[in-house]
1. Each residue of segment A:28-45 in turn: what ³J(HN,Hα) in whole Hz from Karplus with 6.51, -1.76, 1.60 and θ = phi - 60°, glycine and Pro shown as x?
2. Whole-Hz Karplus ³J(HN,Hα) for segment A:88-95, in order, using 6.51 cos²θ - 1.76 cosθ + 1.60 and θ = phi - 60°, x for Gly and Pro?
3. Take the Cα of A:Ser40, step 7 Å along the line toward its Cβ, and report every residue of segment A:57-98 whose backbone nitrogen sits under 11 Å from that point.
4. For segment B:309-444, state what percent of all Cα-Cα pairs lands in each successive 5 Å bin, counting from 0 Å until the bin that includes the largest distance.
5. Using only alpha-carbon positions, what ratio does the radius of gyration of segment B:228-386 give when scaled by 2.2 N^0.38 Å?
6. Under 20 Å from a point placed 7 Å out from the Cα of B:Tyr86 along the Cα-to-Cβ direction: which residues of segment B:35-58 have their backbone N that close?
7. Take every Cα-Cα pair in segment B:233-326 and report what % of them are more than 22 Å apart.
8. Can you give the FRET efficiency to the nearest 0.05 for A:Val186 and B:Asn283, using r as the Cβ-Cβ distance and R₀ = 41 Å?
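Nothing in this text is a laboratory measurement; each read-out follows from the coordinates by a stated rule. Small disclaimer: the values here were computed from a predicted structure and weren't measured. Neighbour counts are summed over all protein chains in view; Cβ atoms, including those assigned to glycine, are modelled from backbone coordinates with ideal geometry.
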Amino acid sequence: MHIVLKLITIIAIVILCTGNCWSANADTTYQIDLNTTPLSGYSGFVDLQFNPGGFDSLDASANISQVTTNGSLSNSDVLAGSASGMLPSGAVIENVAAYNDLFQGFTFGSDLDFRVTFSGSALSPGASITSSGSTFAVSLYGTDQVTPLLSTSSTGALALVTINPDGSIVSTTYPDTDGITHASVVLLPSTSVPEPGNIVLAVCLGLVYVGTFARYTLPTRY
Amino acid sequence: MTTFRRLLFSTIALAFMTRCAVCATQAQTYTVVDLNSFGIPDSTQPGGFRHSSTYVYGLNNKGQAVGDSYLQIGTYLYYGQQLPEYSVHGFRTAPNSAINSQTDDLGSFYSNIYYNESHARAINDSGEVVGWSSTSDYKLNFGYSERAFRTQPNSPINLLTDDLGGYSQFPTIVFSQAYAINGRGEVAGTTGGGTDPGDTPDYDKYGFRTTPTGAPQFSMTRMGRVTTSINATGQVTGNFSSFPYAFLSSPSSVQPVNLTFIADYTTAYGVNDGGQVVGSRGNLAIRTAPNTFLNQTTDMLGTLGGVASDAYAINSFGDVVGSSDVTGNNATHAFVYRSGNLFDLNDLLPQGSNFILEEARAINDVGQIAVNGHDSTNNPHAYLLTPTTTSRNYLRVTASGLVYNRQTQTFNATLTVTNTAIAPIYGPLQVELTKITSGATLLHATGSHNGNPFITLNNITRLDPGTTTSLPVTFSYSGYARLAYTATAYSQGF
């Protein structure tokens, strides 16, 4: 094999082996369903938080969509930090400040369901060395705005979804005082798409390789 | 070789060497306490005494070691000269300390010049020590005998309370020796006797297990020839008299006793709380799976390059210690077997150590190892090895995001500590938080170190390679900026 072709082969292998440059910055979506039957007919609040960890969390955002409920959401909410939007039309919370929160009045029905899609560099940290992740928390509060409902968690949350420093995601649900868990968190199938920059890189690499292969392996015609 | 191949091989070799370097730097190392000895008066030596021979056999989870050390017990008249009389006494050290001749001498049942000998073999976490001491057979009022003892916690041998008695088919002279004790005070050992003082003693004819505590009345359970070790449930392991099999008994809660045959041509020396047995089959050290027969493919621990090895003890985590011939079979070295690897303990000592570790006899659940060896003058010494605390480089701490609780008005997160080394890291672990954002306060801190709050995880006694443990942290904070901090984990103190 010609030395130029060998070098290009090695470069291609190195690029492919170093990995993350090729992987897509895939968004990840969870379906979160809350069973609020024990609270049906009562008033309270729904609280959604998405906060960074202690020191060096990478950027991420949580996009809340497809909100459905047979309860009644109020027409105003209280936003803190980097949060915008309103339920049920949708909201976006970014892990910018210490406390990024959507707090909205709610006359409970038997359910509250929505999707949350996570995106950002926190999901594909690559070679970044980070030590803290970010956590999305779902809580319900009573009319006094401070009493957690349907959860015995120390955070007051019914469900937590944490993006770990390595980009992996774990979810946790917590039971109420009777041991009944009222939240379910289900990962939806991924629909990852390669980033445009990576597609261009791959096409260019392929063209260079094919061209070089032809230059150094096809018989020369005189 | 072509340029391409050279490049390829160089890359592979570099990667391999880098990997090996990482392995070497991550091997568990130890600090060493020389247990020294009771000492013997010697006017020719600086200080007027010299260290006597010492051998260690047992170790509890507090770092107290037991064994034997030689001492002078008096003088005797020989052709008009008073000559020193020597003997051996059992010792029990203070935690993580060398022998103190003023406080650690267990004494013996009698203190006259004829019956003044004792041997200590095991210690439990309460400080009860078992072994045996010389005695005069009380039935005939003459004749030398040895009788098993179990001391009171952190007390010397007491003839009135500690004699475990013994059993013989012809009980004119009764011998007994105790080799092991568990946390409940149940003792395992061996006993036998003879018909008159001139008989060859068959003191290892019957293995026994005593009842747990209370008055030292002897409760005999005959179960083979020698019982060598006992675990928390009362399972004992030992060896038969009539054929070369090792056995493992049922727990003391099961009556009558059932025996599981471990393997033929096997000697069993130790058993852990999970029912794993260690010893040797033929010439090679073994460690079985819990409560089952020896698997001659997977349970053989190998050697340090020589032809023979013995495994003497095992802790609750399955770590094994013993001795092995080294390459060339011209020396025996102490080893620890952990995570599938056999390590020569002499390779894990501080630089400049001028002694040789030959035989590791005990390992506790915090990773400390009791070892026999010899010093630079070839004098037998015993040593206590403690894992070094330089493990923070291998404890990685990560944090979840913070969650605000409106009721408690606190921010809450979970810290995860991961052991990234290839060796276990021993607890307790301490997690120190530094560079906390101004205005934020860590709640429920255990204490303060260099002005920084820390939390102690007392429930973590050991973190195996690749495993994690988690702890919640709670802050009070009312600022808008990111609540930032840095977390560092330490093992066994800062």
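1. Working through the residues one at a time gives 10, 10, 10, 9, 10, 10, 10, 8, 9, 3, x, 9, 4, x, 8, 9, x, 9 Hz.
2. Residue by residue, segment A:88-95 yields x, 5, x, 8, 10, 10, 10, 8 Hz.
3. Under 11 Å, as judged by backbone N against the label point of A:Ser40, lie A:70-71 of segment A:57-98.
4. Pair shares across the bins are 2, 8, 15, 17, 13, 10, 8, 6, 6, 6, 4, 3, 1, 0, 0.
5. Numbers: Rg = 15.9 Å, N = 159, 2.2 N^0.38 = 15.1 Å.
Relative to the rule-of-thumb radius for its length, segment B:228-386 sits at 1.05.
6. B:35-57
7. Details: 948 of 4371 pairs.
Here the tail beyond 22 Å accounts for 22 percent of pairs.
8. Working: r = 58 Å, r/R0 = 1.42.
It comes out at approximately 0.10.
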